[in-house]
Every structure is written in structure tokens, then in C-alpha cells.
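Q: Below is a structure I'd like to ask you about.
The numbers here are math on the coordinates, done by the rules we state, and not lab data. These numbers were taken from a predicted model, which means no experiment stands behind them. Using ideal geometry, Cβ is built from the backbone for each residue, glycine included, and neighbour counts are taken over all protein chains shown.
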Amino acid sequence: MLRVSRLVWENWAGNQQGLPRAVAEPSSAAEVLAVLARARRDGRTVKAVGSGHSFTAIAATSGVLLDLDRMRGITAVDLPARRVRVLAGTPLYELNPALEDLGLALPNLGDIDRQTIAGAVATGTHGTGARRHGVAAAVTGVRLATADGSLLWCSAEEEADFFWAAQVGLGALGVVTEVELQCVPAFLLHAREGSGRLEDLLEGEAHRAAAAHDHFEFYWFPHTSRVQTKRNDRTDLPVSPLPRWRGWLDDELLANGAFELLNRVGARAPRTIPSLARVSSRALSDREYVDRSWRVFCTPRRVRFVECEYAVPRAALADVVGALRDWVEDHDVAVPFPVEVRVLAGDDVWLSTAYQRDTAYVAVHQYHRRVQPAYFDAFERIARDHAGRPHWGKLHTLTADDLAPLYPRFDDFRAVRDLLDPERLFRNPHLDRILG
Ligand SMILES: Cc1cc2nc3c(=O)[nH]c(=O)nc-3n(C[C@H](O)[C@H](O)[C@H](O)COP(=O)(O)OP(=O)(O)OC[C@H]3O[C@@H](n4cnc5c(N)ncnc54)[C@H](O)[C@@H]3O)c2cc1C
């Protein structure tokens, strides 16, 4: 079960590495507990990893790497309550169709489905929707293998403090072996994608569209005033997916194949980037279709990038994006990737980036082969001026001292950590930085 590792662990973006001392691939909660006991005896730390889609070093370890790839699938279904229990290592791309077979769906999703359910929940993965929440808010129960060797079930009714902390638990409280999810009836989305002008969105259109549509987001192409909008609404219309050739053209050729080429050219000849950005902002044309929710939410992302995303109060959306546009105009920085803007309603999950505040998310991306630190630095300064909270899985420079004032329940989270993991079995250098 535990093997000595000579492997270097690397995340999806390739910007974080770890040299785990050993790798364990348990297939049950009992085996997880056995790994924890052995690690304690050997004086090693333990890190559960998902599919390595975080951009930060939150999943990196030099201790025991716990790969839950063998713990996947739905373990229990309560159809009248629309609740399911799912093993922690289940990837979303398996979970979504399995829920569909049961007539169920997660209420909201991010824009890819490669993450494990435990990894997605642990960092507060989210999609968009002014009246919707992130994935963690759908969690109604968590089974946690803890440092003292127990298996703890927590929910809003049982061990409530542990539950509110463990939803977005950052992998700091224990190993999640199973989660319970509150699903909704499977639903279709009517997707409408079009173009617009950044000025219009910042002058009120973004707020109006967010209020009018179930799931609204937009992408702004730096060096242009052009945006691509996505308006997805729940519908009873019949399924009419994109023709296969159109999905391939937009999602594979333009959004991935041609975009990779554009980035490679831009990396070699940065001066061409503004012109290339103007071309790529026009490449994606309007489209409209109806499909299953998860097929609309999630698209393939094959062009490698690194990302920084901040959650800011919804009312600050235009100020943040406007200040970023002004900064790009004033500086000699060429940015081929669009800036993604999403929204979410406030929730009650202690370390959720939308904790008790209606939120706008602004995400900036950079091609993995050409990262300009000044761009992320400038964006972070702007977002922090608006009490921005960084996404737990995306690049940022904040420390525990910076984060504590942003989260009213930060100290409560740390108190739960002290109770559950006093010896810091689950620590790594990144958690030391962000939790102190
Ligand atoms: C291309 C791409 C697109 C993305 N799109 C979005 C998006 O639309 N919205 C969004 O919010 N984010 C998005 N992200 C970020 C991503 O959703 C998060 O970083 C997520 O945490 C990745 O899940 P993972 O399974 O890869 O977890 P990992 O990155 O492997 O791990 C993340 C954290 O979860 C912990 N963890 C994993 N499993 C367990 C467990 N069983 N028990 C305890 N802790 C555990 C790890 O220890 C670590 O702290 C995207 C990332 C990429 C690369």
C-alpha cells in the first residue's frame, strides 16, 4: 500500500513540484487510517492530492502523498432527498454522468471537470450565477480521517463546527474519504454566447445580465474593448446540442489548437500579441444551443496556463476590471489570455471566497511558457484594494496575516485545525504560509 517514491509530483500547469518520500494508494477509509498511523510512527507528514489542478503549492508534499484514485464512485443514494454519498477521489467527469443516470445533477459547476470532488470542494471551486453557490455549498456531510486515527462524520447537525470548517478545508484538517452532496433534479441549460463591448458591461450591463440569467459570465480580451458573454439559463426546451463539427471547431480548434499556436507565437514575438489578441477576440462567433447542465458548464482546457483569481465584493466588479484595463493600457505588458469574470451569491461556508458576501470573481491567466510577474502583481494590488479574497487553488502571495482580516471565521477555522491536527500531520509549506 505504501511504496517508496522516486517520482516528482507535478501539478497540471507544471509550475509546482513535490518530491514525496512515499506514495500511498488506499482503496478504503480503513487503509487511509493505516497510512496515517504509519506516517505518524515514521514522523512524516501526509498530503491527500486530487488531480493536481491547483496552481498553488497547496497539494505539494515532501512527505507521504496520498493518491485517492482508487476511491471513486457513488456509495449511497437517497433519491427522495436527492442526496448522494461519493468517494473523495471521484473525478467530476465521472460524477456528472453518474448523477445524470440517477436523474440528478450538481446545481453549479466550474468550467472544467478534471478535478476530484474532494479537491474541488477543498479549495472552494466555483462556477457562476448571481443567485448560485460554489461546489462546497452543495456538501451536506463529510467523512474525515483525522490525525488521531478516527473516522469522523460531520454535517450541519453533527459536529457542526468541524463541518463548516471541513467544507473548504484546504486539505488541512484531515483526509476526506467521502462527501455527501445535495443535488438537484437533472436540468438542461439554454446557452447563448455572444460578443459585447467592455464599456457597456462595466457601465451596468454586467450587473443586469447577472441578475437576469441563471449563470452569467464574460471574458474580456486585453488590448481590445471586446468581450465574449455567456448566458446560460435553465430551460424546458428540447435538447439541441451544438453540431459535432461546431463543438470541435469552437472548443477544440479555436479555443485550444489555434489558441495554443497563438500563444507560442506570442511567447517568441511578444510584440505581436496585441494584434493576435484582436484576431482571437473575433474568432469565437455567436452560438446558441441546449444541452445537459454539465456539458454546458464544462469545456476542455488543453492550453496550459497559470492563473490568479480574486473574489471581490460584487459592487466592486467594474472598478476592479476597469483598473486592470487601465493598467494594461499604461504598461508594456502583452496579454494574450482573456480575463474571466463570474459572479456568485454569498454563502455560509467559513473559508468560502464568497463567505457572506455577494461576489464577483475576476481571473487573470498567463500562458505557462511566458509568465510576466508584473501582470499578476498589478492585478493582486488592484484586487486587494477592494478587499479581494484569493482563490485557494490559484496563485497569490497572501499570508495568514493578510487572510485573517478577510475571513470573519478564520480564527475559528484555525481553532478547529488545532483540535483536529495539533501535531500538523497534514501540513506543508504552503499551508504554513496561508494558515500560519
Ligand atoms: C484548467 C483549470 C480550470 C479550472 N477551472 C476552475 C473553475 O472554473 N473554477 C474554480 O473555482 N477553480 C477552477 N480551477 C481550480 C481547481 O478547481 C481547484 O484548484 C481544485 O482544487 C483542483 O482540484 P484537484 O482535484 O485537482 O485538487 P488538487 O489540486 O490536487 O488539491 C487541492 C487541495 O485539495 C486537497 N485535497 C484533495 N483531495 C483531498 C482529500 N481527499 N482530503 C483532503 N484534502 C484533499 C489537497 O490536499 C489540496 O489542498 C481550475 C484549474 C485548472 C487547472
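Q: How far is helix 373-385 tilted off the main Cα axis of the chain, in degrees rounded to 10, range 0 to 90?
A: Orientation of helix 373-385: about 80 degrees from the principal axis.
Q: To continue, here is another question. Quick check for me: using +1 on Lys/Arg Cβ and -1 on Asp/Glu Cβ, what's the dipole size of the chain about its Cα centre, in debye to the nearest 20? Walk me through the numbers before you get to the answer.
A: Working: 53 positive and 57 negative charges, 259 e Å.
Using Cβ point charges on Lys, Arg, Asp and Glu, the chain gives about 1240 debye.
Q: Quick one: what are the phi-derived ³J(HN,Hα) couplings along segment 211-226, Karplus 6.51/-1.76/1.60 with θ = phi - 60°, whole Hz, x for glycine and proline?
A: With the stated coefficients, segment 211-226 comes to 6, 8, 10, 4, 9, 10, 8, 9, 10, 9, 8, x, 6, 9, 9, 8 Hz.
Q: Right, here's the next one. Treating the beta-carbon of each Lys and Arg as +1 and of each Asp and Glu as -1, no other charges, what is the dipole magnitude of segment 161-245 about its Cα centre, to the nearest 20 debye?
A: Values: 8 positive and 12 negative charges, 85 e Å.
Dipole magnitude for segment 161-245 comes out near 400 debye.
Q: Still on this structure, I have one more. Any chance you could check the Cα centroid distance between segment 144-199 and segment 332-391 for me, in angstrom?
A: Centre-to-centre (Cα) distance: 21 Å.
Q: From the backbone phi of segment 395-409, what are the Karplus-calculated ³J(HN,Hα) couplings (6.51 cos²θ - 1.76 cosθ + 1.60, θ = phi - 60°) in whole Hz, Gly and Pro given as x?
A: 4, 7, 10, 6, 10, 3, 5, 6, 7, 3, x, 7, 10, x, 9
Q: Nearest 10 degrees, 0 to 90: what angle lies between the long axis of helix 317-330 and the longest principal axis of the chain (Cα atoms)?
A: Relative to the chain, helix 317-330 is tipped by roughly 60 degrees.
Q: Taking every DSSP beta bridge with both residues inside the chain, roughly what % is antiparallel (nearest 5)? Walk me through the numbers before you get to the answer.
A: Numbers: 70 of 79 bridges.
The antiparallel fraction comes to roughly 90 percent.
Q: Taking the Cα centre of segment 74-185 as the origin, how large is its charge dipole in debye, to the nearest 20, when only Lys and Arg (+1) and Asp and Glu (-1) carry charge on their Cβ atoms?
A: Working: 7 positive and 13 negative charges, 58 e Å.
Charge dipole, segment 74-185, about its Cα centre: 280 debye, nearest 20.
Q: Along the positive direction of the dipole of segment 74-185 (beta-carbon charges: Lys, Arg +1; Asp, Glu -1; about the Cα centre), which of G171, L152, L95 reaches farthest?
A: Looking along the dipole axis, the top candidate is L95.
Q: Which whole-Hz couplings ³J(HN,Hα) result when phi for each residue of segment 44-57 is put into the Karplus expression 6.51 cos²θ - 1.76 cosθ + 1.60, θ = phi - 60°, listed in order with x for Gly and Pro?
A: 10, 8, 10, 9, 7, 10, x, 9, x, 9, 8, 8, 7, 8
Q: Take the Cβ-Cβ distance between A258 and E423 as r, set R0 to 60 Å, and report the resulting FRET efficiency rounded to the nearest 0.05.
A: Once the sixth-power term is evaluated, E becomes 0.70.
Q: Answer with one residue from V416, H396, F426: the one whose Cα lies farthest towards the positive end of the charge dipole of segment 364-436, charges on Cβ with Lys, Arg +1 and Asp, Glu -1.
A: H396
Q: Label points 7 Å out from Cα along the Cβ direction at T235 and E100: separation in nm?
A: Simple spin-label model gives 1.7 nm for this pair.
Q: If I model a spin label at A415 and A269 as a point 7 Å from the Cα along the Cα→Cβ vector, what separation in nanometres do I get?
A: 6.1 nm
Q: Still on this structure: State, to one decimal in nm, how far the label point of D161 lies from the label point of T399, with both points 7 Å from Cα in the Cβ direction.
A: Output for this residue pair reads 2.7 nm.
Q: Normalised by the residues of segment 74-185, what does the relative contact order come to in percent, with Cα pairs under 8 Å and at least six apart?
A: On the way: 214 pairs, mean separation 36.3, N = 112.
The value is 32 percent.
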